[in-house]
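The values are calculated or read from the model by the stated rules, or taken from the named source; none is laboratory data. A quick note: this is a predicted structure, and the numbers were derived from the prediction, not measured. In this analysis, Cβ positions are derived from the backbone assuming ideal geometry, glycine residues included, and neighbour counts consider all displayed protein chains.
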Amino acid sequence: MASTVSAGPAPRSLKAKSPPGLMARVWSLLRRTAPRAEVIAPPEVHLGERFDVEWRFDHGRREVTNVSVTLVGLEVARRRTSARTGITVVAETNVFLSYELDRRMPDRGAARSTGRGSVLLTTPAVPTLAGKVNEIAWAIVVEAAFQATAIWRAEFPVVVLSIRV
Amino acid sequence: MNAPVIALELQLEDAVAAFDPGARVGGVARWTAPVAPRGMELRLLWTLQGKWERDLRIAETIALPDPQASERRPFFLTLPREPYTFRGTLLALEWALELVALPGEEKTSVPLVLAPGRRAIDLYHRDLRK
């Protein structure tokens, strides 16, 4: 029977997955005015248990009409190709499970949004798994939009463990 | 030169091949060869088949010591608690138990399901999406 009692690691500020290459440098240069999210949650959770998340999103200079916070499970299939210039890795991902944790519509002109969410990780599902090339990954995704246009997105990886014995 | 022919057979107890995580598995390994193999092994392994490439990991190797040319060897092993058997859009994870003759690596295998409820997890299933 699934338990709803969580006795895992304490919540903490999770590290965002870095945007790649050029984007990372641009974001760094614009740090003061760029949107920024903070997610506080346990870094690990077992399937069958409750997962509680607090989040904060600083809009920067962007006008934001919608912020969503979602826990997603991803299949990641990779392909390595070798060439004279080195090895290139191509990845394809598929979201197999998505839990909406929170959704907010900030007031016009608001500088930040905050909220919290909670979800019971129901089974069947699959825990985090890293092969040499392929992977099952889980992440909290914070997305901001202006009306119907997505303007910002960040992923905060979390580890989902198998059902507690 | 042809390699010596070896007949390999692997049978699971009660012909059951689906298990809960951590379950105990029993069975019988049989082989018949013209001469005694140098060694015999059971290998418990999983593969994570992706759209393009495959990961393979041997979770446990059990040596069957002092093999004779023809033999019937009962075995027991305890399965790990994970990873679970699943099938998705881009990936599928499958477990197998192999009987391997050394040094030629002739082998036979039986597929296993390892998942809560003894059913492979289907990531296609629309009900998973909340």
Which residues, taken from segment B:35-66, are within 14 Å of chain A (Cβ to nearest Cβ) and not charged (D, E, K, R)? B:Leu45, B:Trp46, B:Thr47, B:Leu48, B:Gln49, B:Gly50, B:Trp52, B:Leu56, B:Ile58, B:Ala59
Considering segment B:1-41 alone, what residues qualify as being within 19 Å of B:Ala120 (Cα to Cα) and among the basic types (Lys, Arg)? B:Arg24
Given the criterion in a strand (DSSP E or B), touching a residue at least 40 places away in the same chain (Cβ under 8 Å), under 27 Å from B:Gly22 (Cβ atoms) and of a type in the set (Gly, Ala, Ser), identify the matching residue among A:Ala145, A:Ala137. A:Ala137
Can you report the number of residues in segment A:101-115 which are within 13 Å of A:Asp58 (Cα to Cα), surrounded by fewer than 13 Cβ atoms within 10 Å (Cβ to Cβ) and basic (Lys, Arg)? 0
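In segment B:100-111, is there at least one residue being surrounded by fewer than 18 Cβ atoms within 10 Å (Cβ to Cβ) and either touching a Ser or Thr at 6+ places or on another chain (Cβ under 6 Å) or closer than 21 Å to A:His46 by Cβ (or both)?
Step one: filter segment B:100-111 for residues surrounded by fewer than 18 Cβ atoms within 10 Å (Cβ to Cβ), giving B:102-105, B:107-111.
Now restrict to residues that are either touching a Ser or Thr at 6+ places or on another chain (Cβ under 6 Å) or closer than 21 Å to A:His46 by Cβ (or both): none.
Looking through segment B:100-111, none of the residues is surrounded by fewer than 18 Cβ atoms within 10 Å (Cβ to Cβ) and either touching a Ser or Thr at 6+ places or on another chain (Cβ under 6 Å) or closer than 21 Å to A:His46 by Cβ (or both).
Any residue that is within 13 Å of another protein chain (Cβ to nearest Cβ), in contact with a Leu (Cβ under 8 Å, 6 or more places away or on another chain), under 18 Å from B:Gly50 (Cα atoms) and surrounded by fewer than 21 Cβ atoms within 10 Å (Cβ to Cβ) - is there at least one of those in segment A:69-91?
Of segment A:69-91, the ones within 13 Å of another protein chain (Cβ to nearest Cβ) are A:70-82, A:87-91.
Remaining after also requiring in contact with a Leu (Cβ under 8 Å, 6 or more places away or on another chain): A:70-73, A:75-77.
Pick out the ones that are also under 18 Å from B:Gly50 (Cα atoms) and you get A:73, A:75-77.
If we keep only those that are surrounded by fewer than 21 Cβ atoms within 10 Å (Cβ to Cβ) too, we end up with A:76.
Yes, some residue in segment A:69-91 is within 13 Å of another protein chain (Cβ to nearest Cβ), in contact with a Leu (Cβ under 8 Å, 6 or more places away or on another chain), under 18 Å from B:Gly50 (Cα atoms) and surrounded by fewer than 21 Cβ atoms within 10 Å (Cβ to Cβ).
Go through segment A:28-68 residue by residue and tally those that are assigned to a loop (DSSP other than H, G, I, E, B) and either touching a Pro at 6+ places or on another chain (Cβ under 6 Å) or modelled with pLDDT of 90 or more (or both). Talk me through it step by step, then tell me what you get.
Narrowing segment A:28-68 to residues assigned to a loop (DSSP other than H, G, I, E, B): A:30-35, A:42-43, A:47-49, A:59-65.
Applying the additional criterion that residues be either touching a Pro at 6+ places or on another chain (Cβ under 6 Å) or modelled with pLDDT of 90 or more (or both) yields A:42-43, A:47-49, A:59-60, A:62, A:64-65.
So the answer is 10.
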